[in-house]
Amino acid sequence: RFVLYFMMKNNAISHTVPDFPNIISRGLDSVRDEAAQLKAGTEETNKRTFYDAVLLSIDGVLAYAAHFSGEAARMAEGVDPASPERAPRRAELGEMARICAKVPARPAESVHEALMSIWISFVCLHVENANSALSIGRLDQMLQPLFLKDMANAKSEGEREAIVRTTMELVGHLIMRVNDHDPLVPNVGN
(Lines give C-alpha, C1' and ligand atoms only; values in the text may rest on other atoms or scores of the structure.)
Protein backbone atom coordinates (compact mmCIF):
# COMPACT_ATOMS: atom_id res chain seq x y z
CA ARG A 1 0.00 0.00 0.00
CA PHE A 2 2.81 2.39 0.82
CA VAL A 3 4.34 1.90 -2.64
CA LEU A 4 0.98 2.38 -4.38
CA TYR A 5 0.34 5.56 -2.45
CA PHE A 6 3.59 7.12 -3.57
CA MET A 7 3.13 5.86 -7.14
CA MET A 8 0.05 8.13 -7.21
CA LYS A 9 2.15 11.12 -6.11
CA ASN A 10 4.19 11.22 -9.29
CA ASN A 11 1.17 12.05 -11.46
CA ALA A 12 -0.27 14.90 -9.39
CA ILE A 13 0.53 18.36 -8.12
CA SER A 14 -0.90 17.51 -4.73
CA HIS A 15 -0.68 19.82 -1.74
CA THR A 16 -0.52 22.80 -4.08
CA VAL A 17 -2.38 26.10 -3.94
CA PRO A 18 -2.67 27.55 -7.46
CA ASP A 19 -2.30 31.30 -7.90
CA PHE A 20 -6.04 31.93 -8.20
CA PRO A 21 -5.65 35.53 -6.92
CA ASN A 22 -3.53 36.27 -9.99
CA ILE A 23 -6.16 34.83 -12.32
CA ILE A 24 -8.91 36.78 -10.55
CA SER A 25 -7.06 40.09 -10.53
CA ARG A 26 -5.25 39.94 -13.89
CA GLY A 27 -7.14 37.48 -16.04
CA LEU A 28 -5.51 34.88 -18.25
CA ASP A 29 -5.34 37.20 -21.27
CA SER A 30 -2.80 39.27 -19.33
CA VAL A 31 -0.83 36.18 -18.34
CA ARG A 32 -0.95 35.02 -21.95
CA ASP A 33 0.37 38.38 -23.19
CA GLU A 34 3.22 38.23 -20.68
CA ALA A 35 4.16 34.70 -21.76
CA ALA A 36 4.11 35.74 -25.43
CA GLN A 37 6.44 38.67 -24.67
CA LEU A 38 8.79 36.47 -22.69
CA LYS A 39 8.85 33.92 -25.50
CA ALA A 40 9.63 36.63 -28.03
CA GLY A 41 12.49 37.85 -25.84
CA THR A 42 14.40 34.59 -25.64
CA GLU A 43 16.26 32.37 -28.06
CA GLU A 44 16.66 29.48 -25.59
CA THR A 45 14.84 26.43 -26.87
CA ASN A 46 13.78 25.19 -23.42
CA LYS A 47 12.29 28.55 -22.50
CA ARG A 48 10.52 28.94 -25.85
CA THR A 49 9.06 25.44 -25.46
CA PHE A 50 7.90 26.30 -21.93
CA TYR A 51 6.21 29.52 -23.11
CA ASP A 52 4.59 27.63 -25.98
CA ALA A 53 3.15 25.23 -23.41
CA VAL A 54 1.90 28.14 -21.29
CA LEU A 55 0.22 29.72 -24.32
CA LEU A 56 -1.34 26.44 -25.39
CA SER A 57 -2.61 25.72 -21.87
CA ILE A 58 -4.16 29.17 -21.51
CA ASP A 59 -5.80 28.83 -24.93
CA GLY A 60 -7.31 25.54 -23.73
CA VAL A 61 -8.69 27.10 -20.55
CA LEU A 62 -10.18 30.00 -22.49
CA ALA A 63 -11.73 27.67 -25.05
CA TYR A 64 -13.27 25.68 -22.20
CA ALA A 65 -14.76 28.87 -20.72
CA ALA A 66 -16.07 29.89 -24.15
CA HIS A 67 -17.80 26.51 -24.46
CA PHE A 68 -19.45 27.08 -21.07
CA SER A 69 -20.59 30.51 -22.25
CA GLY A 70 -22.01 29.14 -25.47
CA GLU A 71 -23.84 26.31 -23.72
CA ALA A 72 -25.36 28.65 -21.13
CA ALA A 73 -26.51 30.99 -23.91
CA ARG A 74 -27.99 28.05 -25.83
CA MET A 75 -29.83 26.87 -22.72
CA ALA A 76 -31.13 30.40 -22.06
CA GLU A 77 -32.52 30.58 -25.57
CA GLY A 78 -34.37 27.33 -24.90
CA VAL A 79 -36.24 28.83 -21.94
CA ASP A 80 -39.62 30.20 -22.96
CA PRO A 81 -39.34 34.02 -22.75
CA ALA A 82 -43.13 34.32 -22.47
CA SER A 83 -43.20 32.25 -19.27
CA PRO A 84 -42.98 34.56 -16.22
CA GLU A 85 -42.15 31.68 -13.87
CA ARG A 86 -39.17 30.70 -16.09
CA ALA A 87 -37.84 34.27 -16.39
CA PRO A 88 -35.46 33.92 -13.41
CA ARG A 89 -33.90 30.80 -14.92
CA ARG A 90 -33.49 32.50 -18.29
CA ALA A 91 -31.83 35.48 -16.59
CA GLU A 92 -29.58 33.17 -14.54
CA LEU A 93 -28.41 31.34 -17.65
CA GLY A 94 -27.85 34.64 -19.45
CA GLU A 95 -25.69 35.85 -16.55
CA MET A 96 -23.70 32.59 -16.62
CA ALA A 97 -23.12 33.05 -20.36
CA ARG A 98 -21.95 36.64 -19.80
CA ILE A 99 -19.60 35.67 -16.96
CA CYS A 100 -18.04 32.73 -18.80
CA ALA A 101 -17.49 34.93 -21.86
CA LYS A 102 -15.51 37.30 -19.62
CA VAL A 103 -13.62 35.20 -17.08
CA PRO A 104 -11.08 33.79 -16.60
CA ALA A 105 -9.83 35.69 -19.65
CA ARG A 106 -10.24 39.09 -18.02
CA PRO A 107 -10.18 40.23 -14.39
CA ALA A 108 -13.15 39.37 -12.19
CA GLU A 109 -15.16 42.33 -10.94
CA SER A 110 -17.66 40.51 -8.73
CA VAL A 111 -17.80 37.53 -6.40
CA HIS A 112 -19.72 35.53 -9.00
CA GLU A 113 -17.08 36.24 -11.66
CA ALA A 114 -14.26 35.35 -9.26
CA LEU A 115 -15.89 32.06 -8.31
CA MET A 116 -16.31 31.13 -11.97
CA SER A 117 -12.64 32.02 -12.62
CA ILE A 118 -11.62 29.73 -9.78
CA TRP A 119 -13.94 26.92 -10.82
CA ILE A 120 -12.98 26.92 -14.50
CA SER A 121 -9.28 27.03 -13.62
CA PHE A 122 -9.70 24.34 -10.96
CA VAL A 123 -11.39 21.98 -13.40
CA CYS A 124 -8.73 22.61 -16.04
CA LEU A 125 -5.95 21.89 -13.54
CA HIS A 126 -7.61 18.56 -12.82
CA VAL A 127 -7.71 17.70 -16.51
CA GLU A 128 -3.94 17.22 -16.41
CA ASN A 129 -3.57 16.03 -12.82
CA ALA A 130 -4.95 13.37 -10.54
CA ASN A 131 -7.63 14.61 -8.15
CA SER A 132 -5.25 14.73 -5.25
CA ALA A 133 -5.12 17.54 -2.69
CA LEU A 134 -5.33 20.56 -4.98
CA SER A 135 -6.40 23.44 -2.75
CA ILE A 136 -8.44 26.54 -3.56
CA GLY A 137 -6.47 28.52 -1.00
CA ARG A 138 -7.75 31.45 1.07
CA LEU A 139 -11.13 31.95 -0.52
CA ASP A 140 -12.02 34.55 2.12
CA GLN A 141 -9.07 36.75 1.17
CA MET A 142 -9.67 36.36 -2.55
CA LEU A 143 -13.37 37.17 -2.38
CA GLN A 144 -13.53 39.81 0.38
CA PRO A 145 -12.60 42.84 -1.80
CA LEU A 146 -15.10 41.78 -4.47
CA PHE A 147 -17.79 41.08 -1.88
CA LEU A 148 -17.31 44.56 -0.42
CA LYS A 149 -17.52 46.01 -3.94
CA ASP A 150 -20.74 44.07 -4.60
CA MET A 151 -22.16 45.34 -1.30
CA ALA A 152 -21.16 48.95 -2.06
CA ASN A 153 -23.09 48.76 -5.33
CA ALA A 154 -26.30 47.70 -3.54
CA LYS A 155 -28.94 50.42 -3.51
CA SER A 156 -31.09 49.12 -0.67
CA GLU A 157 -31.05 46.87 2.37
CA GLY A 158 -32.99 44.29 0.35
CA GLU A 159 -30.30 44.25 -2.34
CA ARG A 160 -27.60 43.84 0.32
CA GLU A 161 -29.46 40.89 1.83
CA ALA A 162 -29.82 39.36 -1.63
CA ILE A 163 -26.07 39.78 -2.25
CA VAL A 164 -25.24 38.06 1.04
CA ARG A 165 -27.68 35.22 0.31
CA THR A 166 -26.41 34.78 -3.27
CA THR A 167 -22.76 34.91 -2.18
CA MET A 168 -23.34 32.25 0.46
CA GLU A 169 -25.12 30.07 -2.08
CA LEU A 170 -22.41 30.47 -4.72
CA VAL A 171 -19.57 29.80 -2.27
CA GLY A 172 -21.46 26.77 -0.95
CA HIS A 173 -21.84 25.46 -4.50
CA LEU A 174 -18.12 25.91 -5.13
CA ILE A 175 -17.19 24.07 -1.93
CA MET A 176 -19.50 21.18 -2.81
CA ARG A 177 -18.14 20.99 -6.36
CA VAL A 178 -14.50 21.17 -5.21
CA ASN A 179 -15.12 18.23 -2.88
CA ASP A 180 -17.44 16.11 -5.01
CA HIS A 181 -14.60 13.93 -6.30
CA ASP A 182 -13.29 12.95 -2.86
CA PRO A 183 -15.25 9.67 -2.68
CA LEU A 184 -13.54 8.62 -5.89
CA VAL A 185 -10.11 8.48 -4.25
CA PRO A 186 -9.33 4.83 -3.54
CA ASN A 187 -8.94 3.81 0.09
CA VAL A 188 -5.28 3.06 -0.49
CA GLY A 189 -4.84 6.78 -1.25
CA ASN A 190 -6.41 7.73 2.06
* Structure fact -> Longest the chain segment clear of trypsin sites (Lys or Arg not before Pro) sitting in DSSP loops (not H, G, I, E or B) with at most 13 other Cβ atoms within 10 Å runs 2-137
* Report in % the part of the accessible area of region 111-180 that belongs to carbon and sulfur, leaving out ligands and nucleic acids; probe 1.4 Å. => 60 percent
* To do: Quick one: angle between helix 111-127 and the longest Cα principal axis of the chain, in degrees between 0 and 90, rounded to 10, please.
  => 30 degrees
* Asked: When only Cα pairs under 8 Å and 6 or more residues apart are kept, what is the percent relative contact order across the chain?
  -> 31 percent
* **Amide H partners (placed H, <5 Å) of residue 109, local residues excluded** => 114
* Asked: By what distance, in whole Å, do the Cα atoms of region 11-66 stretch along each of the three principal axes, largest value first?
  -> 32, 28, 19
* Quick one: among 180, 29, 19, which has the greatest mean-square fluctuation in a GNM of the chain with alpha-carbon springs under 10 angstrom? => 180
* Structure fact -> Counting only protein heavy atoms and rolling a 1.4 Å probe, one gets per residue an accessible area for the chain in Å² of 62 Å²
* **Projected label distance in nm at residue 83 and residue 48, using a 7 Å step from Cα toward the beta-carbon** => 5.6 nm
* Asked: Can you list the residues, at least 5 places off or on another chain, whose amide H is less than 5 Å from the amide H of residue 134, using H built in the peptide plane?
  -> 15
* Asked: Mind checking which of 122, 20, 50 has the largest fluctuation in a GNM of the chain, springs on alpha carbons under 10 Å?
  -> 50
* Asked: Taking the chain as a Gaussian network, Cα atoms linked when under 10 Å apart, which of 30, 135, 83 shows the biggest mean-square fluctuation?
  -> 83
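The values are calculated or read from the model by the stated rules, or taken from the named source; none is laboratory data. A quick note: this is a predicted structure, and the numbers were derived from the prediction, not measured. For neighbour counting, all protein chains shown are included, and Cβ atoms are generated from backbone atoms with ideal geometry for every residue, glycine included. Protein only, heavy atoms only, side chains kept; ligands, DNA and RNA dropped before computing areas. Shrake-Rupley method; radii C 1.70, N 1.55, O 1.52, S 1.80 Å.
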